[in-house]
Amino acid sequence: TLAITAGLVLPQRLAGAIRSPTGESHIVWTAEAVLALPRYRIPARAAEFRERVMRAAAWLQKTNPPNTYQQALQLLALSAAGGEREAVRKIADSLLAQQRSDGGWAGNPNLVSDAHSTGLALHALRETGFLSASGKAHRRGVQYLLSTQYPDGSWYVRSRAAGFQPYFESG
């Protein structure tokens, strides 16, 4: 089935293939559309695409994301769409306030900090201009990432996906 959010047709459920956090909500799908439509618009439909992006941004501004991933995407999309600066600042301040004492961000209030959430929060805050590389929050976030990185350059992030896809060693 499909859902229509702010004039955008979005997949509501893909036969059990919805994976957290990248495919879990209308907020994610709408923010991704707001970020993609201006880049991949059809020139003859530019006015229509602009209008859809504005409607989607207005809807996103009214939402209350329940987790870091959705809030970071909301911040990126509203900033890219030219949302009201004070509303975008409020979202950025809320995301900044979620930084943990270890310097990282967690996927949601019930989880521990992880590299994915931390990297995404840092990216969204830097990309939108609400965090500078010299700022304390940025330095703490980078320090968290460096302190949790494995010698091979990777990070462990515990999966939140449903257990329908068993782990296997690919070699």
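If the segment from residue 58 to residue 97 were pulled out straight at 0.36 nm per residue, it would be longer than the present Cα-Cα gap by 11.7 nm.
Convex hull volume of the C-alpha atoms in the stretch 17-157, normalised per residue: 131 Å³.
In terms of overall dimensions, the C-alpha atoms belonging to the stretch 63-133 reach 32, 28, 16 Å along their principal axes, ordered largest to smallest. The dipole here belongs to the stretch 11-150: it is taken about the Cα centre, uses +1 on the Cβ of Lys and Arg and -1 on the Cβ of Asp and Glu, and is about 220 debye. Model label points for residue 45 and residue 90, set 7 angstrom from Cα along the Cα-to-Cβ axis, are 3.2 nm apart.
Throughout, read-outs are computed from the coordinates displayed, never taken from laboratory work. Remember, it's a predicted structure, so these values are computed and weren't measured experimentally. Positions of Cβ are generated from backbone atoms using ideal geometry, with glycine treated the same way; all protein chains shown enter the neighbour counts.
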